[in-house]
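Participant: Handing you a structure now.
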Amino acid sequence: MLDRLVEAIDRHCVASGTDTAVPRLSLAAVDEPVEPAHLLYEPAICFVADGTKRTTAGELVRVARPGEMLLTTIDLPVTADLEQVPYRSASLRLDGEAFAELLVELDETGPSAPAAGSAHVTAPMSPELADAVTRWVELLDTPDDIRPLAARVESEILYRLLRSSLGPVLRQWSLADSTTTRVREVARWIRARYAEPLSIDEIAAAAHMSAASLHRHFKAATGMSPLRYQKHLRLQEARRRLAAGDATAAQIAQAVGYVSPTQFNREYRTAYGLPPVQDAARLRAGLARTGPAPTRL
């Protein structure tokens with residue numbers, strides 16, 4: 001079954017992170033070892049068909065192998081490291097409306113456990129789920145079938161996900177007032193204000209939680225505190241701008257919210273191993289050799 005999925009990905013993946021004509025489907029294919037990628041994952045499920053991927057988000061470390069899936073339910077800055085190549089995966093971007101409609105159809109819209117766990121988890125794919133994902137990718141072979149069939153196959157995938165060990169996490173993700181949803185919304189609130197000086201009390205007020213409750217639930221979900229999460233967003237955006245060569249390191253540091261250039265240089269080097277200017281030169285040299293870096297693995 002996984003061989004068929006690998007073959008379908010190979011037929012249609014131009015570069016890692018390729019979006020496709022099938023709504024919410026992207027593909028990844030990497031044949032040679034690459035440096036760890038610092039990425040911002042949005043809510044999605046990655047189905048790994050070949051290779052091994054390790055992702056790190058704060059204190060959360062997850063490893064996804066062939067036949068496994070990696071669920072991310074929050075906007076999450078991660079470091080993705082391909083431990084084994086060739087690597088092939090298909091990713092489904094989560095659609096809250098599609099989940100809500102399915103839960104209504106299944107009559108599963110009642111309350112569930114209020115506790116929020118990790119927003120970044122792995123689980124095995126069942127044979128039935130792997131088959132559905134494969135048929136979803138294979139729709140790219142027959143473009144005329146995409147419009148009438150893609151939503152139907154996606155609904156089957158969502159149904160089988162709800163029946164998997166990820167079901168409880170996905171139900172929490174889809175509920176309007178669950179703790180998981182509140183953490184996801186405050187993460188987006190921070191992301192929209194990543195360059196602003198934020199206090200934990202201000203973030204807690206936006207989340208309608210106490211500071212202690214916010215810290216506990218946010219760290220369980222993301223592997224980091226809210227302020228550390230903000231710092232990761234700042235550094236990722238700074239790195240993107242440095243690679244693009246849009247401005248000097250000092251200008252970029254100020255633009256992403258740093259008051260002290262010294263603090264920016266120190267935290268940047270801790271995160272990426274080199275001072276900003278040297279890292280930017282390395283990134284641009286890599287782009288010249290291999291083309292654009294992957295947006296998702």
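Participant: List the residues whose amide H sits under 5 Å from the amide H of G51, counting only those 5 or more places along or on another chain, with H placed 1.01 Å from N in the peptide plane.
Facilitator: Counting only residues 5 or more places away or on other chains, the set is R88.
Participant: In nanometres, what is the gap between the two model label sites at A195 and R11, each 7 Å from Cα along Cα-to-Cβ?
Facilitator: Roughly 4.5 nm, to one decimal.
Participant: Another question about this same structure. What are the semi-axes of the equivalent ellipsoid for the stretch 179-227, taken as the square roots of 5 times the Cα gyration tensor eigenvalues, largest first, in whole Å?
Facilitator: On the way: eigenvalues 43, 26, 21 Å².
Whole-Å semi-axes of the equivalent ellipsoid: 15, 11, 10.
Participant: Further question: How many percent of the alpha carbon pairs in the stretch 12-103 exceed a separation of 18 Å?
Facilitator: On the way: 1826 of 4186 pairs.
The answer is 44 percent, as a whole percent.
Participant: Quick check: from the Cα gyration tensor, does the chain come out rounded (a/c under 1.5), prolate or oblate?
Facilitator: On the way: a/c = 2.16, a/b = 1.21, b/c = 1.78.
Oblate is the answer for the chain, as a/c is 1.5 or above yet b/c matches or exceeds a/b.
Participant: Would you please report the Å³ per residue occupied by the convex hull of the alpha carbon atoms in the stretch 2-174?
Facilitator: Details: hull volume 17.8 nm³, N = 173.
Hull volume over Cα atoms, normalised by residue count, gives 103 Å³.
Participant: Now for a different question. When a/c reaches 1.5 or more, the comparison of a/b and b/c decides; with that in mind, is the stretch 161-297 rounded, prolate or oblate per its Cα gyration tensor?
Facilitator: oblate
Each value in this text was obtained by applying a stated rule to the coordinates, not by laboratory testing. Since this is a predicted model, take the numbers as computed values, not measurements. With ideal geometry, Cβ positions are generated from the backbone for all residues, glycine too; neighbour counts draw on all protein chains shown.
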